[in-house]
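Written below as structure tokens is the structure these notes are about.
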Amino acid sequence: MKHSHIVGLGSYLPERVMTNHDLERMVDTSDTWIRERTGIERRHIIAEDQCTSDMAAEAARRALDDAGLDISAVDALMVATTTPDKIFPATATIVQAKLGGHGFPAWDIQAVCSGFVYGLAQADAMIRAGLFRRVLLVGAEAMSRIVDWSDRSTCVLFGDGAGAVLLEGRAQPGGVLGSVLHADGSYRDLLKADHPHPPASPDRKALDFGRDAAGIAAIEMRGNEVFRVAVTKLGEVVNEILQQHQLRKEDVDWLVPHQANIRIIQATAKKLGLSMDRVAQTVREHGNTSSASVPMALDALYRAGRLRQGQLLLLEAFAGGFAWGANLVRWSKQGETG
Ligand code: COA
């Protein structure tokens, strides 16, 4: 049986930065409130002429470059996104075309902020089963396109960006050790972005999420309730995955959490007995980039030269649905940069 090793990483952040002070001019909020309640100071915002697939393709290119491979080496492409360019075709097929790839399967994953964690579980299972040798997995989001910019309780939280990993099946043990996934749809109304049903008449405007999502869908969240469930479920899932692999909390070298709120991250780190200097933290600069946050946080650790072969990484995420999960990775990539 093959094991899935991460052999390339890349990320992309759009140029435009929006600070908390910029938001102070848009809604009734303050830099202090946002920093104290969320840990966020700034976020990146996609350019008007860009869409999710542009960011995804750039992150994917960087992951391929990092692995020293090109698109012809890829056997499957998965894009985790909540903000697809269009209802269909899948953003992954658009990314495939932008990368110059042909023929291999490409599809999207929708598990909101848990999309990357869900995707890593799927990619790993398919590599283990011998279906593919190399899978390119991207998390990419233009969250700014589905934010209600007049709602101070949500618009301060989100940002845009993309992160990618290239996975390769190898006989040597290590890489992705396993995953645990959960969902509970009874919570579906606590965090959602509704959009109208397909046009009921030919007069209705066609939907184009890539460029014109504003007014089509907007994030609604009961933040306080989401917060409480997130802290509980993340505490449970990190224990569950460690138990499954007969590992102890002390064995974890790095927590690579979804970056929604520094207080949620701190709560999970505390439950693991990990000090915050063993936790990947990008929420301050990126905000919540949904499915892009875990691969971007992982890439940030990697680019900073913090990861060593043999270290144990615990990835986790919590999302609308609710959908949540975790992956364990034994770091095996050679040639750390930094
Ligand atoms: N600026 C200033 N005040 C704000 C504000 C803002 N941007 N947003 C909300 N407030 C106000 C509220 O109106 C409320 O005022 P009130 O007490 O007069 O009614 C007060 O701040 C407290 O609001 P509350 O929602 O209880 O704050 P909180 O401590 O729960 O923090 C979140 C709000 C959203 C930061 C927090 O609940 C959270 O992070 N939730 C989880 C979000 C998340 O992780 N979502 C994604 C999962 S993938």
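Once the Cβ-Cβ distance of Asp28 and Glu240 is raised to the sixth power relative to R0 = 56 Å, the FRET efficiency obtained is 0.85. The Ser186 and Glu250 beta-carbon pair, evaluated with R₀ = 30 Å, returns a calculated FRET efficiency of approximately 0.30. In this simple spin-label model, placing a label point 7 Å from the Cα along the Cα-to-Cβ direction at both Glu36 and His21 gives a separation of 2.0 nm.
Going through the DSSP H helices of the chain, which span 24 Å or more along their own axis at the Cα atoms while scoring at least -1.0 as a mean Kyte-Doolittle hydropathy?
Numbers: long enough: 223-244 (31 Å, 0.15).
Those that clear 24 Å and a mean of -1.0 are 223-244.
The trypsin sites (Lys or Arg not before Pro) found in the range 216-284 that occupy coil by DSSP, while having at most 16 further C-beta atoms within 10 Å, are Arg222, Arg248. Considering only Gly178, Gly223, Gly321, the Gaussian network model of the chain with Cα springs below 10 Å gives its largest mean-square fluctuation to Gly223.
Exactly which GluC sites (Glu not before Pro) in the range 1-44 are in a DSSP loop and have at most 14 other Cβ atoms within 10 Å?
Glu15
Taking 24 Å as the limit for the C-alpha separation, the pairs Lys233/Lys333; Lys192/Lys233; Lys2/Lys271 exceed it in the case of Lys233/Lys333; Lys2/Lys271. Here, the chain has an Rg and a Dmax of 18.8, 60 Å when only alpha carbons are counted.
Throughout, read-outs are computed from the coordinates displayed, never taken from laboratory work. These figures come from a predicted structure and were not determined experimentally. When we count neighbours, we look across all protein chains shown, and the Cβ atoms used for this are built from the backbone with ideal geometry, even at glycine.
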